[in-house]
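Engineer: Got a structure for you, questions after.
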Amino acid sequence: MTQSTTTRWTAQDIPDQQGRTALVTGANTGIGFETAKALASRGATVVLAVRDADRGKRAAEEIGAAVPGADLHVQRLDLSSLASVRSAAEDVRNTWSRIDLLINNAGVMYTPYSRTPDGFELQFATNHLGHFALTGLLLDLVPATADSRIVTVSSAGHRMGGPMDLDDLDWSRRPYNRTAAYGHSKLANLMFTYELQRRLPAAGPLALAAHPGGADTGGSKSAMAHSSALTRAAFAMIRPLLLQSPAMGALPVLRAATDPAAQGGQYYGPRGFQQSKGYPTVVRSSAASYDLATQRRLWALSEELTGVTFPGNRHTGRPEWSVVTSSRGQLPPGLCCGRVRGEGDLLHVGAGVGLPHGGRQLPRLV
């Protein structure tokens, strides 16, 4: 691949995308809209996966007016509903034979406490679980090449809220904190990306994350709606100093998705002060995001909660652990979030996981 050395990477640096298909969640507005528009301008077929199909159609019309001849398609997708995720994934599978770029962008921010139809806290369900499930259901459509990408959009806000409590993801034991819940959902995006990259084949696709910095989008505006009048007035005065346009905010996502020099597991964000504004570059996430045991436990929990098991890492060529002997055939309570159904089943190892009663492990290639 060609090495990119520019420090002022822009949409003009996106390689030709002719013959490639990109699916962008939340593509009707903000970062998702600008991402879809830029990819379409470079020749990609773009699927706008959106909760409101009418808004998606209007966004497609706007992109089409700016990019004559753009190949755009609207797919209804409500990430807060696992039934909707499964339905959308089935539609995509019935329509497309490959997805070269999967951009997990959509999200909600600082919402009041509510639960989804599946019983999950809204921000965690929409921002993490929905994208986890969607990726698992579409993974085998993503070609095993390094220019195929799964990019999940996180946030500088992933540092907010303190440690993530994996034993109370629905906030049933604590007073709800909408800021912390948002931060934890964005931390989960990063942990998912890093663990996914380890599970993918060396040849690709690549899993990366990105954040837009302080982007002046509808999400940032609605986030301030819960603040006092004084806070909103003060923020309005300094807004131009802290925020950049949605088009600039989309650049880290676009670079992660298309730069030939990008590497799996990288995290892109603005290079400016506090990663708030500027051209995209590789940045570091919080120390908590790199905790391997928590990543693995989150993965196991996500599979359990969504009912979506990734396709067995079947094209990884990397060793996974298989339980080959056990006196009982299942793990004792509390040892693992996964289940062992019989000889040869995969065991996704999380924090504090042990083998049951003298069971032994052998690595196998899957």
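Engineer: Would you work out if region 43-142 is rounded, prolate or oblate? Take a ≥ b ≥ c from the square roots of the eigenvalues of the alpha-carbon gyration tensor; rounded if a/c is under 1.5, else prolate when a/b is larger than b/c, oblate otherwise. Kindly include the intermediate steps, with their values, before the conclusion.
Structural biologist: Working: a/c = 2.32, a/b = 1.45, b/c = 1.60.
Note, shape of region 43-142 comes out oblate.
Engineer: Report the calculated FRET efficiency for residue 159 and residue 10 (r = Cβ-Cβ distance, R0 = 25 Å), to the nearest 0.05.
Structural biologist: 0.35
Engineer: Something else about it: Could you give the length gained by full extension between residue 273 and residue 202, i.e. 0.36 nm per residue of separation minus their alpha carbon distance, to one decimal place?
Structural biologist: Full extension from residue 273 to residue 202 adds 22.2 nm.
Engineer: Something else now. Gain in length, residue 95 to residue 304, computed as 0.36 nm per residue apart minus the alpha-carbon separation, to one decimal in nm? Working shown, then result.
Structural biologist: Working: separation 209, 0.36 × 209 = 75.24 nm, distance 2.80 nm.
This chain segment gains 72.4 nm when fully extended.
Engineer: A follow-up question, please. Give me the 1.4 Å probe accessible area per residue for region 143-215, excluding ligands and nucleic acids, in Å².
Structural biologist: 30 Å²
Engineer: In addition: Dividing the convex hull volume of the Cα atoms of region 64-210 by its residue count, what figure in Å³ per residue is obtained? Please list the in-between numbers first.
Structural biologist: On the way: hull volume 19.2 nm³, N = 147.
It is 130 Å³ per residue.
Engineer: Any chance you could check the Cα centroid distance between region 264-308 and region 164-201 for me, in angstrom?
Structural biologist: After rounding, the separation between the Cα centres reads 10 Å.
Engineer: Could you check how much of the accessible area of region 37-154 is carbon and sulfur, as a whole percent, using a 1.4 Å probe? Intermediate values should be presented prior to the final figure.
Structural biologist: Numbers: 2070 of 4530 Å².
The C+S portion of the solvent-accessible surface of region 37-154 is 46 percent.
Engineer: What is the distance, in nm, between label points placed 7 Å from the Cα along the Cα-to-Cβ direction at residue 292 and at residue 53?
Structural biologist: 4.6 nm
Engineer: Still on this structure, I have one more. Evaluate the charge dipole of region 77-225 about its Cα centre and quote only its size in Debye, nearest 20, assuming +1 on the Cβ of each Lys and Arg and -1 on the Cβ of each Asp and Glu.
Structural biologist: 260 debye
The values are calculated or read from the model by the stated rules, or taken from the named source; none is laboratory data. Everything numeric in this text was worked out from a predicted model, so none of it was measured. Because the Cβ atoms are built from the backbone with ideal geometry, glycine has one as well, and the counts that use them run over all protein chains shown. What goes into the accessible areas is simple: the full protein's heavy atoms, side chains included, and nothing from ligands, DNA or RNA. Shrake-Rupley method; radii C 1.70, N 1.55, O 1.52, S 1.80 Å.
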